[in-house]
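> Pasting a structure here, questions to come.
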Amino acid sequence: MRYVKPESFEAAATLLRDETGISRILAGGTDVLVQLKAEMVEPDLMVDLKHLPGMREIVAEDGGFRIGAAVSGAQLGEHDAVKAMWPGVVEGVELIGSSQVQSRATMAGNLCTGSPAGDAVPAMVTAEAVARVQGPDGVRDVPVIDIPTGPGKNSLNKGEFITSIYLPARPAHAGDCYLRFIPRTEMDIAVSSAAVSLTLDEEGTVTDARIAIGAVAPTVRLVKDAGAALVGAKPDDAAIAAMVRAVEAACSPITDKRGTIEFRTKTAGVLAKRAALIAYGRAGGQL
Amino acid sequence: MAFDAQPTRKFNVVGTRVTRPDGVDKVTGKAAYGADISAPGMLHGRILRSPHAHARIVSIDTSEAEKLAGVKAVVTGADLAMPEDADFADVAINCLARDKALYDGHAVAAVAATSKAIAKQAIRLIKVEYDPLPHVTDVDAAMKPDAPVVQEGRALENVPAGMSQNVTTYCKFGHGDLDAGFAKADKIIERSFKTAATHQGYIEPQACMASLGNDGRGEVWCCTQGQYMVRANCAAALGVEESQLRITASEIGGGFGGKTSTFIEPVALALSRKSGKPVKIVMTRDEVLKATGPTISSSMDIKIGMTKDGRITAARGELRYSGGAYPNFTVEMGAQAAFAAYDLEAVETIGWNAMTNRPKEIPYRAPGAPTAIYAVESVVDELCQELGLDPLDVRLMNAADKGTLSSYGPTFNDIGLVATLEAAKAHPHYTAPLSENQGRGLSCGFWFNFGGNTCVSLNINDDGTVGVVEGNPDIGGSRASISMMAAEELGVPYDKVRTVIADTSSLGFNDITDGSRVTFAVGLATIEAARAAIKEMCRRVAKIWDIDEDAVIWEDGCAKPAGPNAGTHPPMTLAEIAAIAGNTGGPIAGHHEVNADGAGVSFGVHLCDTEVDPETGAVKILRYTVFQDAGKAVHPDYVEGQMQGGAVQGIGWALNEEYIYGEDGRLQNAAFLDYRIPVASDLPPIETVILEIPNPGHPYGVRGVGETPIVPPLAAIANAVSRAANVRLTELPMSPPRVLKAITG
Ligand SMILES: Cc1cc2nc3c(=O)[nH]c(=O)nc-3n(C[C@H](O)[C@H](O)[C@H](O)COP(=O)(O)OP(=O)(O)OC[C@H]3O[C@@H](n4cnc5c(N)ncnc54)[C@H](O)[C@@H]3O)c2cc1C
């Protein structure tokens, strides 16, 4: 196994493109090093990008924030402005692991690892976050929702990697929230999860709603019908019930050691309901 | 040895909270655990394990592995002896399989190489041809007459004919007329329960370093609860004499019963014998979960009859345990413990063990009792609910006490159950208000406790300090407690005494650190050894003073004249006597060897409040209080630690821990992500109340405290959850999907 710290993004892209064996990018290493130790994968090439310009920085851009792909959960959690704007995104990232894991783990790593249960992903999806992707042929911007393609898989081409994730500006009267269900209180993997991002008008009527669910399908799902069920009213019992039905209909989980189909479906709806009410409160809405 | 006839004895050291002797080493990383021991020229061992739940091993081709540069030895089951004794043979076969792989993870071959990386590569070059066989992992399925047979011809003679060959053990305990008893009941409840196998979850994986020469002499350093047990198992598996093996126990990172057998030491010795080099083996967590010993899994039926005012009229239990792929007797302890807390006119408990394609069960704190008592205490709680009775009053009304003919035969001596129940009733926890979706549960717990074979040497050093040499690895603070008892008896300060754990060649045989025996039995032997040393010191002083031996007494750490007739000699301190021992007859020591009886059974009562989320089935433990009779708490911090630790492990067992097998018979969760022991944030502070009802069998009244606290949590939590969720839960663990399913139907 070779460990390389390339001098530039371009050099990294070329290196990754030309590697004939298995390659991995080393961000926090909290997935990749664990897989190495468990002998699940033995990469021929490990590319460390953390030292490259901007990788560990959070910068304001067009009213939103550009977050370097190597920014750790702990670093993000200490950034008051991002937290104030996208509390749901930050709480998703901060749920990952423990304090030790937080000091290393990144949201880009969480996204690229391709776990349907990744805690950083659903709220990035409802925030309409965009990943900046560097490749051998240049740079492109890809909506976060289009990155994971299935368990352990992503849509990046050979030689491509993420350099930053952009969280757009948030309109007035808006709020988001992320909740997950785990059997323990921490150090666990989501059995189901839900992120909700709401925008309200002056009266507290929902004008825009995005709802994403995790761990209940091969990838995180943005449930358009669920969002639509909340738009045009306050999230009263009827609206919430319609939203929960849409969420449950969008679930296609598996039964495994972590939970049954019924359990995952039911709890995804419960979490979406609870997250919607919290997001509504954060947006300044009152029931 | 009896309780000292000095009920008003004032202890100076015993009962205080002195600094633990191993604390600094452990928090600074200096303590040497199993994997910390290395030797020059040492090789790294690695074990190849079966991917099949059950398979005939057709052939093992090790030639490619042997050819790899850096590989110094490859061994299979054929490199171990086949001991005649069935128990030793089972251990050896479990260390390296012979004709069959009996479970997913069963060791089939091992290599020793100059690096870990080469050992890993070599393992992949071993070719094993398997002929997969049908498997069975569920105890009820294994008992069916047509179930796949795990091992043939292993049933004990009293197992009725016509059952599956997997059924190896049958037992029956009890007394009285059941039919008459049930006829007197106003309400009878009969329920079936199931519990999953759980693992001890010690933080330190098994590790050893072993060396065995052509001359048949060997050394093993390993993390174990019993170096003499390791010696016996290794001697049998290697076909060498015990005198030729010296086993040294390392510092131990948790055991809880799980380190009372051997898995890797015979393999490392076989690799060493073949390679001529020391060999180290360190298990991974995956190996620990797959191939060391979890508890039994169980299926149980309990039937109890009660009058409307709460008197139990009859009780019957049938327990079906599986101790994995080998014959197992844990069910006998479960069957004996099931109804031990009750004074019953008619009671019967029947137990069965059935083999399954799972790893060999190894004891876990109070083996067999937590599951049986979970089932019994669940039914008692449901009867209380149905009859509208207070669950503590019902237990008090039926509690076993001194003179009770126990459900398993013996008549109880002084026991602390009633006092423990009364303490629970008087505690503010019992009457604290509860809110919606919350419930309070309670359970009694019982454990036999054990004494056993014990040797202690106590040396009076020439500088007036004291060295205690004992043979039981310290898994719960025993070095502190033993030093305290020596200091107490000798009348010297605690910090003048150091207790060390001997290797097998330095002290006579000791039973394993198990059965909550060490503070009781080693403590008792230490007190006797101290008394022997005191006697000798008095004899020496009598010589100096030129008076009768009987005229010298020992008081406050000094030899003194017994009375005015003995003359007016100034007291001599232990240090003064030690300094001139060479002139009075040579070094001074005391020792004691005993097979200790009178361990004294132990009872506990746990109270637990839970809140159940009716939409997700999630259970939160809100409040938890442990009441337990310790006889005499030598070091209260450690006693509380045992009570809290048992409760925590019980919480894990009750809520989330389980061995999950797939259709293919393979273990699906051999890692701490999906084998869920509780994390700190899952737990409330565990309150403790220690009671001290002296054990008549120990000079200071000590009872073992290490195992009882894991017995009540399963039922205490199940009862709390059942009351909070308004539905009776009958299967462990009560994981959220299971609880939600029970609620939503
Ligand atoms: C104890 C523990 C607890 C955990 N708990 C949680 C949890 O609660 N929730 C959760 O979701 N996860 C959890 N995880 C998993 C892991 O911590 C997260 O997925 C984390 O976000 C991964 O980020 P990382 O920076 O460490 O990724 P790495 O391990 O460095 O990389 C992960 C993968 O992403 C790829 N990658 C990394 N960065 C890039 C990039 N910039 N461009 C392209 N590909 C890239 C790598 O090639 C690799 O395949 C836990 C892990 C541990 C060890």
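> State yes or no: is residue A:227 away from every other protein chain (no Cβ under 14 Å), in a loop (DSSP other than H, G, I, E, B) and more than 30 Å from residue B:681 (Cα to Cα)? Talk me through it step by step, then tell me what you get.
Details: away from every other protein chain (no Cβ under 14 Å): yes; in a loop (DSSP other than H, G, I, E, B): no; more than 30 Å from residue B:681 (Cα to Cα): yes.
In short, no.
> Restrict the check to region A:120-137 and report whether at least one residue is away from the ligand (no atom under 12 Å from the Cβ), more than 27 Å from residue A:225 (Cβ to Cβ) and away from every other protein chain (no Cβ under 14 Å).
Going residue by residue through region A:120-137, those that are away from the ligand (no atom under 12 Å from the Cβ) are A:125-130, A:136-137.
After this cut, where a residue has to be more than 27 Å from residue A:225 (Cβ to Cβ) as well, the list is A:136-137.
Add one more test, that the residue is away from every other protein chain (no Cβ under 14 Å), and what stays is A:136-137.
Yes.
> Inside region A:156-175, can you point out the residues that are away from the ligand (no atom under 11 Å from the Cβ) and buried (at least 24 other Cβ atoms within 10 Å of the Cβ)?
Within region A:156-175, A:167 is the sole residue that qualifies.
> Take residue B:707 and decide whether it is among the acidic types (Asp, Glu) and surrounded by 20 or more Cβ atoms within 10 Å (Cβ to Cβ).
Working: among the acidic types (Asp, Glu): yes; surrounded by 20 or more Cβ atoms within 10 Å (Cβ to Cβ): yes.
It is true that residue B:707 is among the acidic types (Asp, Glu) and surrounded by 20 or more Cβ atoms within 10 Å (Cβ to Cβ).
> Ok, one more. Among the listed residues B:673, B:683, which satisfies the condition of being within 14 Å of chain A (Cβ to nearest Cβ), surrounded by fewer than 23 Cβ atoms within 10 Å (Cβ to Cβ) and within 16 Å of the ligand (Cβ to nearest atom)?
On the way: B:683 fails: within 16 Å of the ligand (Cβ to nearest atom).
Just a single option satisfies the conditions, and that option is B:673.
> Go through region A:12-42 and give me each residue that's more than 8 Å from the ligand (Cβ to nearest atom), assigned to a loop (DSSP other than H, G, I, E, B) and at pLDDT 95 or above.
Of everything in region A:12-42, those that are more than 8 Å from the ligand (Cβ to nearest atom), assigned to a loop (DSSP other than H, G, I, E, B) and at pLDDT 95 or above turn out to be A:19, A:20, A:21, A:22.
> Can you name the number of the only condition in (1) farther than 12 Å from residue B:289 by Cβ; (2) facing chain A (nearest Cβ under 8 Å) that residue B:693 fails?
(2)
> Just to check your reading of the model, which residue among A:54, A:92 is at pLDDT 95 or above, in contact with a Lys or Arg (Cβ under 9 Å, 6 or more places away or on another chain) and near the ligand (Cβ under 9 Å from one of its atoms)?
Working: A:54 fails: near the ligand (Cβ under 9 Å from one of its atoms).
Within the list A:54, A:92, the selection yields A:92.
> Filter region B:724-744 down to the residues that are in a loop (DSSP other than H, G, I, E, B) and of a type in the set (A, V, I, L, M, F, W, C), then identify the one that is nearest to the other protein chains (Cβ to nearest Cβ).
That would be B:734.
Residue-by-condition table, conditions (1) among the polar types (S, T, N, Q); (2) surrounded by 22 or more Cβ atoms within 10 Å (Cβ to Cβ):
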position: B:285; (1), (2): no, no
position: B:292; (1), (2): yes, yes
position: B:299; (1), (2): yes, yes
position: B:309; (1), (2): no, no
position: B:314; (1), (2): no, yes
position: B:319; (1), (2): no, yes
position: B:335; (1), (2): no, yes
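> Looking only at region A:176-188, how many residues end up being within 9 Å of the ligand (Cβ to nearest atom), in contact (Cβ under 8 Å) with a residue 12 or more places away in the chain and on the phi < 0 side of the Ramachandran plot?
The first filter runs over region A:176-188 and keeps only residues within 9 Å of the ligand (Cβ to nearest atom), leaving A:180, A:182, A:186-188.
Remaining after also requiring in contact (Cβ under 8 Å) with a residue 12 or more places away in the chain: A:180, A:186-187.
Narrowing the set further to residues that are on the phi < 0 side of the Ramachandran plot leaves A:180, A:186.
Within region A:176-188, residues that are within 9 Å of the ligand (Cβ to nearest atom), in contact (Cβ under 8 Å) with a residue 12 or more places away in the chain and on the phi < 0 side of the Ramachandran plot number 2.
> Enumerate the pairs (first residue in region A:18-42 and within 14 Å of another protein chain (Cβ to nearest Cβ); second residue anywhere and assigned to a loop (DSSP other than H, G, I, E, B) and within 8 Å of the ligand (Cβ to nearest atom)) with beta-carbon separation below 7 Å, excluding pairs fewer than 6 apart on the same chain, so at least 6 apart or on different chains.
A:30/A:97; A:30/A:104; A:30/A:105; A:31/A:113
> A further question on this structure: Out of region A:272-284, which residues are touching a His at 6+ places or on another chain (Cβ under 8 Å) and not hydrophobic (A, V, I, L, M, F, W, C)? Reasoning before the result, please.
So in region A:272-284, the residues touching a His at 6+ places or on another chain (Cβ under 8 Å) come out as A:283-284.
The one that is touching a His at 6+ places or on another chain (Cβ under 8 Å) and not hydrophobic (A, V, I, L, M, F, W, C): A:284.
> How many residues does region A:247-270 hold that are within 22 Å of residue B:676 (Cα to Cα), aliphatic (A, V, I, L, M) and away from chain B (no Cβ under 11 Å)?
Of the residues in region A:247-270, 1 are within 22 Å of residue B:676 (Cα to Cα), aliphatic (A, V, I, L, M) and away from chain B (no Cβ under 11 Å).
> In region A:103-117, which residues are more than 6 Å from the ligand (Cβ to nearest atom) and farther than 22 Å from residue A:220 by Cα?
Listed by number, the list holds a single entry, A:103.
> Can you tell me which of (1) in a loop (DSSP other than H, G, I, E, B); (2) in contact with a helix residue (DSSP H, G or I) (Cβ under 8 Å, 6 or more places away or on another chain); (3) more than 25 Å from residue B:674 (Cβ to Cβ) is the one residue B:225 doesn't meet?
Unmet condition: (2).
> With region A:58-175 as the region, which helices (runs of 4 or more DSSP H) entirely inside it contain at least 2 residues that are touching a Phe, Trp or Tyr at 6+ places or on another chain (Cβ under 8 Å) and in contact (Cβ under 8 Å) with a residue 24 or more places away in the chain?
Values: elements: A:73-77, A:80-85, A:87-94, A:99-102, A:107-112, A:121-126.
Where helices (runs of 4 or more DSSP H) fall fully within region A:58-175 and carry at least 2 residues being touching a Phe, Trp or Tyr at 6+ places or on another chain (Cβ under 8 Å) and in contact (Cβ under 8 Å) with a residue 24 or more places away in the chain, they are A:80-85, A:87-94, A:121-126.
> Search region B:633-647 for residues being in contact with a strand residue (DSSP E or B) (Cβ under 7 Å, 6 or more places away or on another chain) and hydrophobic (A, V, I, L, M, F, W, C), and hand back the single one that is nearest to the other protein chains (Cβ to nearest Cβ).
Taking region B:633-647 and keeping what is in contact with a strand residue (DSSP E or B) (Cβ under 7 Å, 6 or more places away or on another chain), we get B:633, B:636, B:639-640, B:643-644, B:647.
After this cut, where a residue has to be hydrophobic (A, V, I, L, M, F, W, C) as well, the list is B:633, B:639, B:643, B:647.
Working: B:633: 31, B:639: 28, B:643: 22, B:647: 17 Å.
Going through the qualifying residues, I end up with B:647.
> Moving to a separate point now. Run residue B:550 past the list (1) modelled with pLDDT of 95 or more; (2) in a helix (DSSP H, G or I); (3) surrounded by fewer than 22 Cβ atoms within 10 Å (Cβ to Cβ) and report the number of the one that doesn't hold.
Among (1) modelled with pLDDT of 95 or more; (2) in a helix (DSSP H, G or I); (3) surrounded by fewer than 22 Cβ atoms within 10 Å (Cβ to Cβ), residue B:550 violates only (1).
> Would you point out which residue out of B:389, B:396 is at pLDDT 95 or above, aliphatic (A, V, I, L, M) and assigned to a helix (DSSP H, G or I)? First the steps, then the outcome.
On the way: B:389 fails: assigned to a helix (DSSP H, G or I).
So the residue among B:389, B:396 that is at pLDDT 95 or above, aliphatic (A, V, I, L, M) and assigned to a helix (DSSP H, G or I) is B:396.
The values are calculated or read from the model by the stated rules, or taken from the named source; none is laboratory data. Keep in mind the model is a prediction, meaning the values are calculated, not measured. Don't worry about glycine lacking a Cβ; one is built from the backbone with ideal geometry, like all the others, and counts go over all protein chains shown.
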